[in-house]
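Following: one structure in structure tokens, then a few remarks.
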Amino acid sequence: MKRNLFFILLCAFPFFLTGRDAYRRELNDGWTFRQNRVGKWLQAVVPGTVHTDLMANGRLPDPFYRTNEPLAQWVDKVNWEYSLDFFPEAALLASSNQELTFLGVDTHADIFLNGERLGTTDNMFRTWTFDVKGRLVEGRNTLIVRLYSPITRGLEEMERYGLALPASNDYSHPGGMGDVRVSVYSRKAPYHFGWDWGPRLATSGIWRPVLLEGWSEARVDDLFIRQPEVTAERARLEAELSWRADDAARVDIELLHEGKVVLRRDVVAGSGINRVILPFVVERPRLWWSNGLGEPFMHAFEVRVKRGGRVIAEREVTTGLRSLRLVRRPDARGESFYFELNGVPVFAKGANLIPSDAFLPRVTRERQERVVNDAAAANMNMLRVWGGGVYQDDYFYELCDRRGILVWQDFMFACAMYPGDDAFLENVRGEVVDNITRLRGHPCIALWCGNNEVDVAWARWGWQGGYDAPTRARIFDDYVKLTHELLPDLVARYTDGDDYWPSSPMSGAGVNAHETRPATSGDNHYWGVWFESHKFHQFDENIGRFISEYGFQSFPELLTVQAYALPEDLDINSEVISAHQRSAIGNSQIRAYMEYYYDVPDDFEQFLYLSQVLQAKATRAAFHAHRRAMPYCMGSLLWQLNDCWPVASWSTIDYYHRWKAAHYAARDACKPVIASPRMAGEKLELWVVNDIPRPLPATYRVELKNFAGRTLRSWNGNCRAKPNAATRVMTWDRAAMLEGGDPRELFAVITLSRDGATLDEQRLFFVEPKELHLPVNPRVTVQAVEREGRRYLAVSADALALDVLLYLPGHELRLSNNYIDLLPGRAYELEVMQPAPPDPLPAGEVRVRFVNPS
């Protein structure tokens, strides 16, 4: 077996192979599968999983539906095999080099070609390439992939390691394993073994494409554009080229930028692997910027390897030119933690990303587009690829490049301790090199992080109490070897200076720099709201330098619930609804917070709706608190963006990519410039948050209104918001503002404008929603409007209506805005977005929900 460490990057960007008999074919059609040496062969889909193939053949009920998940737990306990007959073309057989590449095998497998064992796989995150020259035959060839149970192999590896390691998010009991947790012993997506938002479905399969390739004379494996120095005046770059050649020969290398030759080099190439670094300069480059700061411009580069004037191999890549670093600088309050892009400090606004499906091959390009586009549409500029899932497909990072979404990239270790023996570390080494070399050319990559919550878990979650002192020392020593030695060494060796952070959260990069809260350095996971029952105003009291996790749960909308439940299941306490709530405290916490802020409805549908309103309130409070603390705090990444199955969770977009109320709230709270009012005791503070790297002159207007829409008094003023900072522009005394009025019947509308254009509008209430004397019937009206081929809903109300949801029962209805406050006397026009409901839109069937009065 031959390991090709540079192969995955070959698929990340458009490329061409030229020369004698270049050949490439995907072996994704015609596969069959069965339980290992048991029963008849059934049709299979590759890329795919055993679970989805069993479902397609009617052998397994959908584990997402009702309470079917336990019925799938036998699948991971047995072995499986996949078979393919294929017929190689003459062009391949004539090639001097012939390779079979598996871009992803989940996880433990033996690979056989025509009865000969090519090799073994034991890591779903690696690419496996086999030399099949001399092993292919004319006519029929048979490929067998024998997949071994991840549970059985995990037990074997646990026994070999000689120690049961802590893995608190391995849901072993639902998997029939009792207290035996084996997930950490296999290099497999941790979330497959369950999480507090996902099912336990430990898959096996050929989960990424299979490639059969042939080439002769030469092949470019990798072109990496190193960026030692990038400014607006000039970019000093280095093209690092790796190629293979059949024979030693003198070759000419041409490097092109945007179709123009910028460098030529005559080199003597040896047979086998060749590497060369080509320095060059781009004057006055167009820079790559994150979402909200500028255009994420991408440059095209091409390398050609010539022999005797003839191109024998070439490669194209696209990348953005930028300087990007994590700034950790001592200051009067501790140490900064922020990202600087092209010399500009960036407040990171975004979310944590989990895999978009429990069955990874079902995540299509279209679904990846929706996830990234939804993040960009919500004014986010960063996604954290969380360490309990997978390194995402190439296309995801291409989308982030195009949309200006920075990526905090975890390595795939989460909420557990891991082995540190030589065999395990060598396997991880191959995984990390594969993925760094695949992803390092993407300008979106902002940070490599060693793991999710391993450091804080070992320090504070009580794991150490289960071991004696020598065993504790062994476990932590293994952790240090992995996290503080191997991973940073590989990041330094295979990138052009990318930053590395050992674990999230941590207060520093040292071995014992465990998280403090709130941190004056490093990053925080703030779960006081939710797990510790803190109220939403306490986001303001727990501000760290960078909040990389926080969140609040809600249920998905009714249309999503109906995809996994029957009408008789529609009760919060039913077995089916409970099966789709994986947090042990989930439903009780939602109800407890709802009782504090709102009246808890008896109606199931209203409860679903109000859970989303509650989550949106928490999301808005968090983003505003963190952004008001700029530049002390420079990051706010909510948990979590998406779901891997239909479930009650912390996501702001559900499994079917339907926006929850919290995603609309995040979009408004993440605008580049916002007005941010805050009640601080008996004072009303008005802040202006400005992400733009220049001062912002603006005007503000504060109107005190009653619920009928009448303005009782108003205040106007001018302000100048500092660049890249939050500025407190005005403070009012609450009692003086109300002038004896009932705070339960009044609210403030704050408008921030510049040159007559509204930059932002916020509403502030003086008591919690539960205490408001809201109108019983605000008389909301809805009309359908069509203009220039586009469809709208015209909406208005006679009295104040809060968090108004417009929906079409039984149909998808995506609007440009939803869960909105309707102020009396105003007309609102909401565009109907895709996917579109019936045409013509039956406006009379559109239904409305709003916060009911107490």
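The values are calculated or read from the model by the stated rules, or taken from the named source; none is laboratory data. Here the structure is a predicted model, which is why all the values come from computation and not from measurement. Using ideal geometry, Cβ is built from the backbone for each residue, glycine included, and neighbour counts are taken over all protein chains shown. Accessible surface areas use protein heavy atoms only, side chains included; no ligands, DNA or RNA. Shrake-Rupley method; radii C 1.70, N 1.55, O 1.52, S 1.80 Å.
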Subject >> Solvent-accessible ranking of Leu712, Leu147, largest area first, probe 1.4 Å >> reply: Leu712, Leu147
Original post:
Length gain on complete extension for the stretch Val327 to Ala492, per 0.36 nm per residue less the alpha carbon to alpha carbon distance?
Top reply: 57.7 nm
Original post:
With all protein chains present, how much of the accessible area of segment 78-150 (probe radius 1.4 Å) comes from carbon and sulfur, to the nearest whole percent?
Top reply: 47
Original post:
Per 10 Å bin from zero, what fraction in whole % of the C-alpha pairs of the chain is there, up to the bin with the longest pair?
Top reply: 2, 12, 21, 24, 20, 13, 6, 2, 0, 0
**OP:** Please name whichever of Ser714, Leu447, Thr152 sits farthest to the positive end of the charge dipole of the chain, dipole taken about the Cα centre and charges placed at Cβ: Lys and Arg +1, Asp and Glu -1.
**Re:** Ser714
Original post:
Just how much of Val251 is accessible, in Å², when a 1.4 Å probe is used and the result is rounded to the nearest 10?
Top reply: 10
Subject >> FRET efficiency estimate (nearest 0.05) - Cβ-Cβ, Trp527 to Glu682, R0 22 angstrom >> reply: 0.15
**OP:** On a C-alpha basis, how far is the centre of segment 460-535 from the centre of segment 407-444 in Å? Whole number, if you could?
**Re:** 15
Original post:
Using a ≥ b ≥ c from the Cα gyration tensor of segment 744-854 (square roots of the eigenvalues), is it rounded, prolate or oblate, where a/c under 1.5 gives rounded and otherwise the larger of a/b and b/c decides, a/b for prolate?
Top reply: oblate
Original post:
Along the charge dipole of the chain, which of Ser183, Asn123, Pro697 sits closest to the positive end, that is, farthest toward it, with unit charges on the beta carbon of Lys, Arg, Asp and Glu (+1, +1, -1, -1)?
Top reply: Pro697
Original post:
In segment 209-342, how does Rg compare with the Kirkwood Rh, expressed as the Rg/Rh ratio over alpha carbon atoms?
Top reply: 1.10
Subject >> Inter-centroid distance (Cα atoms) of segment 315-360 relative to segment 633-712, Å >> reply: 21
Original post:
Can you give the charge dipole size of segment 748-854 about its Cα centre, rounded to the nearest 20 debye, using +1 on the beta carbon of Lys and Arg and -1 on the beta carbon of Asp and Glu?
Top reply: 140
Original post:
Under a point spin-label approximation (7 Å from Cα along Cα-to-Cβ), what is the Glu233-Arg713 distance to one decimal in nm?
Top reply: 5.6
Original post:
Based on DSSP H runs of at least 4 residues, each adding -39500 (n - 2.57), what is the mean residue ellipticity at 222 nm of the chain after dividing by all its residues, to the nearest 500 deg cm²/dmol?
Top reply: -5500 deg cm²/dmol
Original post:
Starting at 0 and stepping by 5 Å, how many percent of the alpha carbon pairs of segment 477-554 end up in each bin?
Top reply: 3, 15, 20, 18, 15, 12, 8, 6, 2, 0
Original post:
How long is the gain from Glu335 to Ser588 if the chain were fully straight, where each residue apart is worth 0.36 nm and the alpha carbon distance is subtracted?
Top reply: 87.3 nm
**OP:** Over the chain, give the accessible area per residue in Å² for a 1.4 Å probe, as an integer.
**Re:** 36
Original post:
Using the alpha carbon gyration tensor of segment 157-286, what are the three equivalent-ellipsoid semi-axes (square root of 5 times each eigenvalue), largest first, in whole Å?
Top reply: 48, 22, 14
Original post:
So how much slack lies between Glu595 and His534, counting 0.36 nm per residue of separation and subtracting their Cα-Cα distance, in nm?
Top reply: 20.6 nm
Original post:
Within the chain, what percent of beta bridges assigned by DSSP are antiparallel, to the nearest 5?
Top reply: 85
Original post:
If you build the Cα gyration tensor of segment 632-689 and take the root of 5 times each eigenvalue, what three semi-axes come out, in whole angstrom, biggest first?
Top reply: 29, 12, 11
Original post:
Taking the Cβ-Cβ separation of Asn706 and Ser753 as r and a Förster radius of 25 Å, what is the calculated FRET efficiency to the nearest 0.05?
Top reply: 0.60
Original post:
Of all accessible surface on segment 441-527 at a 1.4 Å probe, what whole percent is carbon and sulfur?
Top reply: 49
Subject >> Projected area, mean over directions - segment 569-616, Cα convex hull, nm² >> reply: 3.2
Subject >> Principal axes of segment 508-660: Cα extent on each, largest first, Å >> reply: 53, 31, 24
Original post:
Which whole-angstrom value gives the distance between the alpha carbon centres of segment 549-566 and segment 181-204?
Top reply: 22
**OP:** Could you work out how far apart the two model spin labels at Asp839 and Glu788 are, taking each label as a point 7 Å from the Cα in the direction of the beta carbon, and quote it in nm?
**Re:** 1.8
Subject >> From the C-alpha gyration tensor of segment 95-155, square roots of 5λ in Å >> reply: 24, 13, 8
Subject >> Rounded, prolate or oblate (a/c below 1.5 giving rounded, otherwise prolate when a/b exceeds b/c) for segment 403-561 by Cα gyration tensor >> reply: oblate
**OP:** Answer with one residue from Leu637, Gly844, Val780: the one whose Cα lies farthest towards the positive end of the charge dipole of the chain, charges on Cβ with Lys, Arg +1 and Asp, Glu -1.
**Re:** Leu637
Original post:
Which value, in debye to the nearest 20, describes the size of the charge dipole of segment 97-212 about its Cα centre when Lys and Arg Cβ atoms bear +1, Asp and Glu Cβ atoms bear -1, and nothing else is charged?
Top reply: 200
**OP:** Just flag the GluC sites (Glu not before Pro) in segment 91-143 sitting in loop per DSSP whose Cβ has no more than 11 other Cβ atoms within 10 Å.
**Re:** Glu138
**OP:** Would you mind estimating how fast segment 315-440 diffuses translationally, via Stokes-Einstein at 37 °C and 0.692 mPa s with the Kirkwood radius over Cα pairs, in µm²/s?
**Re:** 197
**OP:** Using only alpha carbon pairs under 8 Å that are at least six residues apart, calculate the relative contact order of the chain and give it in whole percent.
**Re:** 9
Subject >> Label point 7 Å beyond Cα of Glu89 along Cβ direction - residues of segment 26-61 with amide nitrogen under 18 Å >> reply: 26-30
**OP:** About the Cα centre of segment 674-820, how large is the charge dipole given +1 on each Lys and Arg Cβ and -1 on each Asp and Glu Cβ? Please answer in debye to the nearest 20.
**Re:** 360
